[in-house]
Structures are given as structure tokens and as C-alpha cells.
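Read the structure below first, then the notes.
The values are calculated or read from the model by the stated rules, or taken from the named source; none is laboratory data. This one's a predicted model, so the numbers in the text were calculated from it and none came from an experiment. Cβ: placed from backbone, ideal geometry, glycine included. Neighbour counts: every protein chain shown.
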Amino acid sequence: MEKYDVVILGGGNAGMGATVATRAAGLSVAMIEARDLGGTCPNRGCTPKKVLVAAAHVLDEIERAGSHAIRVDPPRLDWRALIEREKDIIRDIPSRLSGLMAKRGVDVISGQASFIGSNAIRVGTRELEARNIVIATGSKPRPLSIPGAEHLTTSDDVLSDPVLPRAVVFIGGGVIAFELGHVYARAGVDVMILEALPQLLPGFDTDAVAQLRGESERLGIGIHTTAWVKRIDKADGRLRVSFAKDGVESMVAADRVVNCAGRVANVEGLDLGAGVVVHREGRIEIDDHLRSRSNPDVYVCGDAVWNSPQLSPIATYEGGIVGRNIAEGPKHRPDYSHIPASLYSIPAVASVGLTEAKARERGLHVKVHLNDMQGWLSARTYAEAVAWSKIIVEETTDRIVGAHLVGHAGEELIHIFALAMKHGIPARGLSEMVCGFPTFSADIRNMM
Ligand SMILES: Cc1cc2nc3c(=O)[nH]c(=O)nc-3n(C[C@H](O)[C@H](O)[C@H](O)COP(=O)(O)OP(=O)(O)OC[C@H]3O[C@@H](n4cnc5c(N)ncnc54)[C@H](O)[C@@H]3O)c2cc1C
Ligand SMILES: NC(=O)c1ccc[n+]([C@@H]2O[C@H](COP(=O)([O-])OP(=O)(O)OC[C@H]3O[C@@H](n4cnc5c(N)ncnc54)[C@H](O)[C@@H]3O)[C@@H](O)[C@H]2O)c1
């Protein structure tokens, strides 16, 4: 049995995050990775997705060129070449990260890891023993048990497929469906989103979602809520998706049907039982320090945590906390309240803090500043299709408790709100800031 202080399962953002404090403390660390170092975000998630979103932005700009008195011919997108560009941009990430891990003194082992004891792991023919084990194995699409589920594809396939489909159905109206749906719609693909619940995009402010829905429908994306997919059949080389909505059965044909019904912790093959790690259907029971309740030598971070947001910066943040808890003892806890998130549709939806519904649920006395900014000079200058904000301020303290933006460079501006919230700068403090003009940032004072 090889001995380490720490063995990390998974070399994504969370696993990498856990190496910082552990190595700084001089602990011996092994990281086991079954696929590519870097995990989902740089190889199959954020980064390759953003390359496609960037191309869709260009198509969007071209569509609006007329507003700037520019006449252009209809653009022609070479999808195969775009996928090649995407792959080219991310190609050397795993090898760069391998260099980083070597420099940090982490032993990287390739292979599929599983528990063989409370402090022991098997990978291939090797057996490792560790004082602490970190589960950072990420997430995978939630399996859907519908007839024809074998025809489903995933976001991994979308990001690798050199053939542009004619029509795509997304099952689930969440983040991935909207981001990839906007790319496809701008590439000329017929897009339909089928969401089972009455509302789209769980966790986002409902008014912000309404703005995005309106713009998505304007682009031609078909959206059905309370739509239950019954089955998927293959016929004449295409797929037929049957779904029920309000008691009425309908059918839609597509070339691809993408499972976007959420992602679940990827812990199935870990033999958690052998590691004495108690879980309920893959949801590992953890305490406030991200430590397994049943085996305090085991920590969990990133998408493998079932009840924190599945975001790349959060995976890194949780990994960092786990590393510090291992190095210094379990005293650090995550605080997610000021971490911004964006949905990279075009326009993007950006958010930090509480939604209006959550603020009211908590009984806060808030003033809600709602702005349709389309008529503002900055939005008109750029011919923005949507420019919208909702800033939620606690009346008694002037504290910003939530900010939600659609368009208007919201995915960048949101960090100003996050900074103010984290460091206790009141709404008045932000309004008093003198900004460069003309910029979108200069509009913040008028948003509240
Ligand atoms: C299409 C898509 C787009 C996204 N876009 C964004 C975005 O724009 N912004 C954002 O913040 N987040 C985004 N996310 C979410 C983000 O990618 C994840 O939250 C983040 O990558 C999670 O990091 P992680 O380290 O927890 O898991 P991962 O990065 O998935 O890493 C887990 C690693 O563990 C390995 N592994 C699994 N099982 C084993 C085993 N038994 N043994 C050894 N290794 C194993 C896997 O191979 C993997 O490399 C996106 C996700 C997807 C799917
Ligand atoms: N920009 C970003 O930060 C970004 C981008 C992509 C993904 N992600 C992360 O990846 C995670 C997974 O994304 P996602 O879009 O798959 O999930 P999601 O959780 O955002 O949305 C899933 C949606 O599918 C619906 N659903 C579930 N079962 C269904 C069914 N049988 N039929 C129809 N609808 C069903 C849910 O009600 C929900 O609305 C997200 O939680 C997000 O944190 C983040």
C-alpha cells in the first residue's frame, strides 16, 4: 500500500483547488484523474461553450448591423470549422495543468479510483492509503428513464459534434438548454425547449427569466413549460419526441435530443460503502465543513456536493476550503451569498444575491428598483435588444441584497454589485461612485 497524506479523486476545478493549501502545508498529495486534467469546465463545459457563445455574439452583432447603418450580406457559418476552433483553443489545457501539478508537487495518477476502505483507494493495480481523501469527481447528466432514452445526447456531444443539426430538442429548461439553444438558434437551427415544471431556470429571478424567455421566443426558440416527455422514437433517420402538455399529447421531430435535465453527483462507481461514506442516492451527507458525516477523514467538494451551486468558481472555492480544512483542521465553511453567476445566452442573464421572491420569503423590507433600460442612451447606442435590471435594496440599511441584469454587459457589471455586497458598500455608496463616461458602468447609479 502506497502512503499519502491526501488522495484527491478527480482533477477538475475542485480537485485542483484542494491542492493549494495541502501542498503549501507540505503534505504529500496524490490526484487521481480518469479522463483529462481540468475536468468539465475547460474540457467539456465553460470554456468550449464560451467559444461557441462568442461566435453567436458575432452573428448577433451582424444581425443588428442595420441599426448602425451598416449593410451586410447574410453571414455563412462554417460550423465544422467553429468546432475545430473551439477544440484548438482548449487543446493544450490538460498538459498545461499537468505541468502546474508537477510544479506544485502533486503526484497525478491516471485511472478510475474507488474506495477499498475508509482510508484506502484502488486505482488500477495500485492501492493507496491516505489520512484524508477528497471526493472531487464532479457531476454527470441526470439519467432520464423514458422509453428511447438511448437516443439522448448530452452537452459533451454538442460541444464536439462537427455536424450542425437542422432541429434540436432540449429536455429541461435550465442553464445549458438556454446557452446552447441561443448558439444553435443563431446558427439557424430549429430549437425547442421542453421544461417539465411551470417555470424555467430554477434559481434565477422570475422577471429576469421572463425577459430572457421573450428574447428567446423572438429568436424563434420554441419553449414549452409543464411539458412532460413521454418517449423518443427513431424514424426515417430522425428522432420523434412525444410529450404531454396540459393533457394534450404532441410530437416534434428533431435530429438531436439533448438531455439538459440537470446534473447529479458523479459518485456511482466510487464504492462509497467500502469508504464508509453514507449517502442517499448519491447525495453524500456532509457537515458545514464539507466533511462526510459518517467518515470524517473524507471531504467532498465541487459538483460532487449535492446541495451547492454547480459552478466552476464554486468548485475551486470549495476545493480551497477543503484543502485548508485538511491542512489546518476543520474550521472553514463556505459562504455562497456573494458569488455571482451568469447564464451566457445572448443577451446574458447575470445575478448575485437574493431573488425578489427569496428576499420577500425571508421577510426583508426591500425596495425593488426595476428598470427597462432599452430607452437609455447606452442601450440605444449599442442597439441592445434587451437591457433590463432589478436591484433589490434593504430599506432600513441601504444594503444591496440582490442584483439581476439582462443584457447591458450584465455579466461584467454584476461583479461591481458583488463587490459592494461582499464589502458592505451601501447602494448610496455605489451611486456616488464617479465612473468613466459613456460606459455601462456609469448607468449603475441610475439603476437604484
Ligand atoms: C456544458 C457546461 C457548461 C458549463 N458552463 C459553465 C460556466 O460557464 N460557468 C460556470 O461557472 N460553470 C459552468 N459549468 C459548470 C462547471 O463546469 C462545473 O461546475 C465544474 O467544472 C465542476 O468542477 P468539479 O471539479 O467539481 O468537477 P469536474 O470538473 O467535472 O471534475 C471532476 C473530475 O473527476 C474525474 N473523475 C470522476 N470520477 C472519477 C473516478 N472515479 N476516479 C478518478 N477521476 C474521476 C472526472 O474525469 C473529472 O475530470 C458548465 C457545465 C457544463 C456541463
Ligand atoms: N453559465 C453557467 O454558469 C453554467 C452553464 C452551464 C451549466 N452550468 C451548471 O450545470 C448545471 C446543470 O445544467 P442544466 O441546464 O442541465 O440543469 P439546470 O438545473 O439548470 O436545469 C435543469 C432543468 O431541467 C428540468 N427538468 C428536470 N427533469 C426534467 C424532465 N424529465 N423533463 C423536462 N425538464 C426536466 C428542471 O426542472 C430544470 O428546469 C447547472 O446547475 C449549472 O449550475 C452552469
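Which one of 432, 411, 394, 361 is of a type in the set (Asp, Glu) and within 27 Å of residue 50 (Cβ to Cβ)?
Values: 432 fails: within 27 Å of residue 50 (Cβ to Cβ); 394 fails: within 27 Å of residue 50 (Cβ to Cβ); 361 fails: within 27 Å of residue 50 (Cβ to Cβ).
Checking each option against the conditions leaves just 411.
From the set of residues in region 31-70 that are within 30 Å of residue 263 (Cβ to Cβ) and without any contact (Cβ under 8 Å) to a residue 40 or more places away in the chain, which is surrounded by the fewest Cβ atoms within 10 Å (Cβ to Cβ)? So that I can check it myself, show each step before the final result.
Here is the first cut: in region 31-70, the residues within 30 Å of residue 263 (Cβ to Cβ) are 31-60.
From what is left, the residues that are without any contact (Cβ under 8 Å) to a residue 40 or more places away in the chain are 35, 51, 54, 58.
Details: 35: 16, 51: 18, 54: 16, 58: 12.
This residue is 58.
Pick from 147, 143: which is within 18 Å of residue 255 (Cα to Cα) and more than 14 Å from ligand 1 (Cβ to nearest atom)? Quick ask: steps written out before the conclusion?
Numbers: 143 fails: within 18 Å of residue 255 (Cα to Cα).
After applying the criteria, what remains is 147.
Return the only residue of 14, 18, 30, 54 being over 15 Å from residue 316 (Cα atoms), among the small types (Gly, Ala, Ser) and assigned to a helix (DSSP H, G or I). Steps first, answer last, please.
Working: 14 fails: over 15 Å from residue 316 (Cα atoms); 18 fails: over 15 Å from residue 316 (Cα atoms); 30 fails: assigned to a helix (DSSP H, G or I).
Residue meeting the stated conditions: 54.
What is the number of the single condition among (1) under 27 Å from the mean Cα position of the chain (by Cα); (2) closer than 15 Å to residue 408 by Cα that residue 380 does not meet?
(1)
With the checklist (1) in contact (Cβ under 8 Å) with a residue 40 or more places away in the chain; (2) within 30 Å of residue 245 (Cα to Cα) in hand, flag the one item residue 199 doesn't pass.
(1) is the only condition that residue 199 fails.
Find the residue count for region 239-255, including only residues that are within 16 Å of ligand 2 (Cβ to nearest atom) and either part of a loop (DSSP other than H, G, I, E, B) or touching a His at 6+ places or on another chain (Cβ under 8 Å) (or both). Even if it seems obvious, please write down each step before you answer.
Narrowing region 239-255 to residues within 16 Å of ligand 2 (Cβ to nearest atom): 239, 241-246, 249-252, 254.
So of that shortlist, the ones also either part of a loop (DSSP other than H, G, I, E, B) or touching a His at 6+ places or on another chain (Cβ under 8 Å) (or both) come out as 239, 243, 245-246.
Count: 4.
Filter the strands (runs of 3 or more DSSP E) completely within region 71-128 down to those with at least 1 residues that are charged (D, E, K, R), surrounded by fewer than 18 Cβ atoms within 10 Å (Cβ to Cβ) and in contact (Cβ under 8 Å) with a residue 24 or more places away in the chain. Write out each step before concluding.
Numbers: elements: 106-110, 113-117, 120-123.
Filter on region 71-128 gives 106-110.
Please verify whether region 382-393 includes one or more residues that are surrounded by fewer than 21 Cβ atoms within 10 Å (Cβ to Cβ) and either of a type in the set (D, E, K, R) or assigned to a helix (DSSP H, G or I) (or both).
Within region 382-393, not a single residue is surrounded by fewer than 21 Cβ atoms within 10 Å (Cβ to Cβ) and either of a type in the set (D, E, K, R) or assigned to a helix (DSSP H, G or I) (or both).
Please list, ordered by first then second residue, the pairs with beta carbon atoms under 8 Å, 6 or more apart or interchain, first in region 129-146 and more than 21 Å from residue 294 (Cβ to Cβ) and modelled with pLDDT of 95 or more, second of a type outside the set (Lys, Arg) and away from ligand 1 (no atom under 16 Å from the Cβ).
Listed pairs, sorted by first residue: 143/149; 144/229; 146/229; 146/232.
Within region 1-44, take every residue that is of a type in the set (Asp, Glu) and touching a Lys or Arg at 6+ places or on another chain (Cβ under 7 Å) and give me the one that is nearest to ligand 1 (Cβ to nearest atom).
Initially, region 1-44 is screened for residues of a type in the set (Asp, Glu), giving 2, 5, 33, 36.
Within this subset, residues satisfying the condition of being touching a Lys or Arg at 6+ places or on another chain (Cβ under 7 Å) are 2, 5.
Values: 2: 16, 5: 18 Å.
Among residues in region 1-44 that are of a type in the set (Asp, Glu) and touching a Lys or Arg at 6+ places or on another chain (Cβ under 7 Å), the one nearest to ligand 1 (Cβ to nearest atom) is 2.
Take the conditions over 21 Å from residue 213 (Cα atoms), among the hydrophobic types (A, V, I, L, M, F, W, C) and within 16 Å of ligand 2 (Cβ to nearest atom) and apply them to residue 339. Does it pass? Show your work before the answer.
Working: over 21 Å from residue 213 (Cα atoms): yes; among the hydrophobic types (A, V, I, L, M, F, W, C): yes; within 16 Å of ligand 2 (Cβ to nearest atom): yes.
When the stated conditions are applied, residue 339 passes them.
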